[in-house]
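The values are calculated or read from the model by the stated rules, or taken from the named source; none is laboratory data. Treat the numbers as computed from the prediction; the structure is a model and nothing was measured. Neighbour counts are summed over all protein chains in view; Cβ atoms, including those assigned to glycine, are modelled from backbone coordinates with ideal geometry.
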Amino acid sequence: MPTRYVLKIPCPITGCAGQSKLSQWVCAKDNGTMYVDEDGFLSCYSNNHRAKIIYWKFDCGERGSGSKHNYERYQSADLEGFSHAMAIGLPHLKEAGAVWVTKLIQSVENQFINGDR
């Protein structure tokens, strides 16, 4: 069973103003805290909604001028945006350890680069 940690990353949508603000994410369907595991899956607190990162869409709530979320609220992240978000968020997961973080990075890369959809 994978180990889950609370998802604390900035907005993973490339070019969004929310990319500079660390956020704790919630599931839009049940309002539960979101978690990430080393296999590259996101899930809500209840684990009722669990899928690979590439299948999730994100809305950081940013609605200012030029926001990426003004016209399409929920958007899919690309590898660049999610990698940037992980680079900012992963240092806050000290309890996860290097092996867990390495496996997560490899899993995410596999999803985006190898078309693991």
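Please specify each residue of the range 15-51 satisfying the condition of being at pLDDT below 90 and within 15 Å of Ser83 (Cβ to Cβ).
Across the range 15-51, the qualifying residues are Gly15, Cys16, Gln19.
Residues of the range 17-55 being closer than 22 Å to Ser67 by Cα and aromatic (Phe, Trp, Tyr), which ones?
Selection gives Trp25, Tyr55.
Only one of Glu72, Glu109, Glu62 is without any contact (Cβ under 8 Å) to a residue 60 or more places away in the chain, in a loop (DSSP other than H, G, I, E, B) and farther than 20 Å from Gln24 by Cβ; which? Working first, answer last.
On the way: Glu109 fails: in a loop (DSSP other than H, G, I, E, B); Glu62 fails: farther than 20 Å from Gln24 by Cβ.
Exactly one of Glu72, Glu109, Glu62 is without any contact (Cβ under 8 Å) to a residue 60 or more places away in the chain, in a loop (DSSP other than H, G, I, E, B) and farther than 20 Å from Gln24 by Cβ, namely Glu72.
Matching residues to (1) touching a helix residue (DSSP H, G or I) at 6+ places or on another chain (Cβ under 9 Å); (2) in a loop (DSSP other than H, G, I, E, B):
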residue	(1), (2)
Asn31	no, yes
Met34	no, no
Ser67	yes, yes
Gly81	yes, no
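Select from the range 77-92 the residues that are touching a residue at least 40 places away in the same chain (Cβ under 8 Å), within 17 Å of Ile113 (Cβ to Cβ) and surrounded by fewer than 18 Cβ atoms within 10 Å (Cβ to Cβ) and list them in ascending order.
If the condition is that a residue be touching a residue at least 40 places away in the same chain (Cβ under 8 Å), within 17 Å of Ile113 (Cβ to Cβ) and surrounded by fewer than 18 Cβ atoms within 10 Å (Cβ to Cβ), then Asp78, Glu80 are the ones that fit.
Just name the residue that is nearest to Gly97 (Cα to Cα) out of those in the range 14-63 that are small (Gly, Ala, Ser) and crowded, with 20+ Cβ neighbours inside 10 Å.
Initial filter on the range 14-63 (small (Gly, Ala, Ser)): 15, 17-18, 20, 23, 28, 32, 40, 43, 46, 51, 61.
Now restrict to residues that are crowded, with 20+ Cβ neighbours inside 10 Å: 18, 40, 43.
Details: Gly18: 26, Gly40: 15, Ser43: 20 Å.
Only one residue fits best here, namely Gly40.
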